[in-house]
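Comments concern the structure below.
Only the coordinates and a few stated rules stand behind these numbers; no lab work does. What you are looking at is a predicted structure, and each value in this text was computed from that prediction instead of being measured. Here the Cβ positions follow ideal geometry from the backbone for every residue, glycine too, while neighbour counts run over all protein chains shown.
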Amino acid sequence: MTMRPSGRVERQGTTMKPLAESPWKQRGLFFVAGLLVALVCGMIVWHWMSLVPYDAFDQQPTWLKGLGSFVGWLPWIGVAVVLLVRFVKGRSIRVGFYFLGTVTPVAILIGWLCFGPLVEDRIHRQKFNLETWRDQQQGEENAMWPPRLCMVDDLMSSGKLDGLTSSQVVELLGPPHDKSFPFGCTQCDIHYYLGPERGFFRIDSEWLFIALDKDGKVTRYWLYRD
């Protein structure tokens, strides 16, 4: 058996690496540990009301509310504990990767809140199709993403409405919505209901508004959210 300057041990022609020479394995383990703690605690907090025998938060005793808060803070308490262990055990404790694993679910959630609706909108966009636009039954079957909502962007960018008369618009798009206007707006001549507004909070409605000039031809069209 001989010792090499690199710290490797050779025995009968076989080279062996000490565990200390596997830093990426250590980093991966600490990352996974932080990730699992954050996910488990997050799931417990998310389903807290279904786990405790109370119908309302105000009905919970103080100690149970405190336990729920403790579970929510537990991932960050874990980071502090790992940091303290780092001072005792040295660099083998990968605080940075544990912290990275802890914040990963939070970063994914924030990213989805910011960009998820945009991605979802892009996925559902469709080319304008006359038959599909006029098929109201499909709109009823796909309440959250009716065909008109998915096709309106392509319709507007195609320029098919430019310069049409009101009768030509109706011939192309079918009968418009009834004479009542969405709340707070009476600034268009023809309007079509598209579906729930796109975005994270899909509470209001989205409409296609079309304005005509004095000759009864389309001058502009735009999307309106009530």
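Legend: calculated FRET efficiency, Asp55 to Ile203, from the Cβ-Cβ distance at R0 = 25 Å, rounded to 0.05, equals 0.45.
So, R0 is 25 Å and r is the distance between the beta-carbons of Asp189 and Glu131; what FRET efficiency does that work out to, to 0.05? For R0 = 25 Å, the calculated efficiency reads 0.50. Other residues with beta-carbon under 13 Å from the beta-carbon of Met49 carry, at +1 per Lys or Arg and -1 per Asp or Glu, a net charge of -1. Computed over the range 18-123, the P(r) curve from all C-alpha pair distances, binned at 10 Å from the origin, holds 14, 32, 27, 20, 7, 1 percent per bin.
In the chain, the calculated helix contribution to ellipticity at 222 nm averages -17000 deg cm²/dmol per residue, counting -39,500 (n - 2.57) for every DSSP H run with n ≥ 4.
Label positions at Lys160 and Asp178, each projected 7 Å from the Cα along the C-beta direction, are separated by 2.7 nm. Based on C-alpha pairs under 8 angstrom that are at least 6 apart in sequence, the range 128-225 has a relative contact order of 25 percent. Pairs of Cα atoms nearer than 8 Å and 6+ residues apart set the relative contact order; for the chain it is 14 percent. Under the simplified labelling scheme, the Leu113-Lys214 pair shows an inter-label distance of 5.2 nm, with each label point 7 Å from Cα along Cα→Cβ. Since only Val169, Thr219, Leu118 are under comparison, the one whose Cα sits farthest along the positive direction of the charge dipole of the range 85-226, derived from C-beta charges on Lys, Arg, Asp and Glu, is Leu118.
For the range 24-157, the relative contact order comes to 29 percent (Cα pairs under 8 Å, sequence separation of at least 6).
Residue separation of Leu100 and Asp121 scaled by 0.36 nm, minus their Cα-Cα distance, works out to 4.6 nm of gained length. For the chain, the longest principal axis of the alpha carbon atoms and the long axis of helix 147-158 meet at an angle near 70°.
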